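The values are calculated or read from the model by the stated rules, or taken from the named source; none is laboratory data. Everything quoted here is computed from the prediction, not taken from an experiment. Cβ coordinates were reconstructed from backbone atoms using ideal geometry, including for glycine residues, and neighbour counts include every protein chain displayed. All accessible areas refer to the heavy atoms of the entire protein, side chains included, with ligands and DNA or RNA removed. Shrake-Rupley method; radii C 1.70, N 1.55, O 1.52, S 1.80 Å.
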Amino acid sequence: QTDQHFFMDTYVEGVLHHSTEVFIEKMSTQNQDMTCITTIIQDKKIKEKNVSLLNENHQIHSLWQVSFNDPDKKYFEWHLTRNGQKGKASFENLLTKTTETYDFDFPENGQTLQSLVYMLQFMDFSSKQPVNFDILTPPKQFFGMYAKAIGSEIIPFEGKNVDCSKVEIGLRGMLGFISPTLVFWIQKESPHLPIQYKDRALLVKLRTSPK
């Protein structure tokens with residue numbers, strides 16, 4: 001059973017760049033309840049699939065990703081598992097056929113870009129206090145991030161006006177002063193889907209049905 005199924009259309013300077021299909025499924029194992037987040041990009045220049053498993057505390061349990069990304073010249077297969085505050089990853093360069101393995105510290109609030117779209121549904125934006133988390137990028141690098149409410153706005157979405165929380169997401173620390181921030185519009189009603197987000201050149205819009 002798929003609990004959520006939607007698409008994220010990415011526009012660069014007003015032109016559709018690619019679409020990401022997202023599946024979010026709840027599942028039970030013998031030990032605990034899990035959430036499986038699958039994201040798929042099937043484009044002429046980008047083919048990518050990521051499968052992330054989150055535990056019952058919404059923490060990364062494991063992930064697998066394969067990417068053939070011509071614009072960024074990135075071609076890899078990435079496996080990761082987490083055990084408490086420790087992570088283990090393998091990263092294969094699909095061009096050179098070389099594989100590196102890594103052992104590293106995994107912060108408690110570490111997320112991937114793919115799981116962040118899901119995690120935003122559970123963050124409390126009722127106050128203006130920032131929510132801190134860390135974003136993991138392949139193969140093992142984390143970036144300290146924050147998310148904070150900056151207001152509300154009603155925006156059109158699939159023929160309706162939707163009341164949204166406006167949430168700013170950016171880098172913590174000194175890099176935050178020179179790096180662009182993202183603004184998300186997150187539906188106030190459950191399931192608190194991210195209706196759209198943008199930065200200076202990028203606009204991503206949610207779509208609930210295939211074109």
Report task. Name every residue in region 1-33 that is under 15 Å from Gln114 (Cβ atoms), of a type in the set (A, V, I, L, M, F, W, C) and free of Cβ contacts under 8 Å to residues at least 40 places away in the same chain, in order of residue number. Result -> Phe23
Requested in this report: Could you tell me whether region 106-126 includes any residue that is aromatic (Phe, Trp, Tyr) and more than 20 Å from the chain's Cα centre (by Cα)?
Outcome: no
Query raised in the report: Out of region 172-199, which residues are more than 21 Å from Ser19 (Cβ to Cβ) and open to solvent by 40 Å² or more (accessible area, probe 1.4 Å)?
Result: Arg172, Gly173, Met174, Leu175, Phe177, Ile178, Pro180, Thr181, Lys188, Glu189, Ser190, His192
Query raised in the report: Taking Thr35 and the conditions (1) hydroxyl-bearing (Ser, Thr, Tyr); (2) over 24 Å from Leu182 (Cα atoms); (3) open to solvent by less than 30 Å² (accessible area, probe 1.4 Å); (4) at pLDDT 95 or above, which numbered condition does it fall short on, given that it satisfies the others?
Result: (4)
Query raised in the report: Quick one: in region 146-162, which of the residues that are of a type in the set (D, E, K, R) and over 17 Å from Met123 (Cβ atoms) is least open to solvent (accessible area, probe 1.4 Å)?
Result: Glu153
**Report entry** Pairs with Cβ under 7 Å, 6+ apart, first in region 194-211 and farther than 18 Å from Ala147 by Cα, second in a strand (DSSP E or B) and charged (D, E, K, R)
**Finding:** Lys205/Asp9; Arg207/Asp9
Report task. Identify the residue in region 38-60 that is of a type in the set (D, E, K, R), under 19 Å from Ser19 (Cβ atoms) and in contact with a Ser or Thr (Cβ under 9 Å, 6 or more places away or on another chain) and, among all such residues, is surrounded by the most Cβ atoms within 10 Å (Cβ to Cβ). Result -> Glu48
Query raised in the report: Among the residues of region 65-85, which ones are closer than 17 Å to Gln111 by Cβ and surrounded by 15 or more Cβ atoms within 10 Å (Cβ to Cβ)?
Result: Gln65, Trp78, Leu80, Thr81, Arg82
Query raised in the report: Residue check: is Glu168 among the acidic types (Asp, Glu) and in contact with an Asp or Glu (Cβ under 9 Å, 6 or more places away or on another chain)?
Result: no
Query raised in the report: If you take the residues in region 86-139 that are touching a residue at least 24 places away in the same chain (Cβ under 8 Å) and acidic (Asp, Glu), which one is most open to solvent (accessible area, probe 1.4 Å)?
Result: Glu108
